[in-house]
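Derivation of every value follows stated rules applied to the coordinates shown; laboratory data play no part. What you are looking at is a predicted structure, and each value in this text was computed from that prediction instead of being measured. Note that we place each Cβ from the backbone using ideal geometry, even for glycine, and neighbour counts take in every protein chain shown.
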Amino acid sequence: MATFYILYSATLDRYYVGHTAGPLEERLRRHMSGHRGWTGKAKDWRVVHREEFADKGSAYAREREVKSWKSRSRVEVLVSGARQRIPPEAGGSLVRIQSPRQNGGRPTWGGLCVCGTYIPKPTL
């Protein structure tokens, strides 16, 4: 069993994407242990998203997929949990979605979703 995870630090206002084959709690403890790595810059990391996989290779593949997005907004949509999986045979594809962005104090809409993912319009 392996886990793909996303951490968030309010101090840094940053997300960290990773995977582990061990217990996630132990991995989080190591992130916050005061080491000299990137996550050592803050002590307030918390798990905001996790996905379980049968093997480490699959969890690592998911980590690479999310990192390839290079998009904080896409990570935030994933973290929000406002998604449903739609299998490709049921019509899942790359589509334009609506996601809130601030524009002079009022929300505007726009964005893309990944193949097979549906993100419903939020109620405001």
Approximate spin-label separation residue 10-residue 65, in nm, with each point projected 7 Å along Cα-to-Cβ: 3.1 nm
Per-residue Cβ neighbour rank within 10 angstrom, fewest leading, 43, 56: 43, 56
For 69, 38, 45, order by how many other beta-carbon atoms lie within 10 Å, fewest first: 38, 69, 45
Extension reserve of the residue 38-residue 1 stretch, reckoned as 0.36 nm per residue once the Cα distance is removed: 10.8 nm
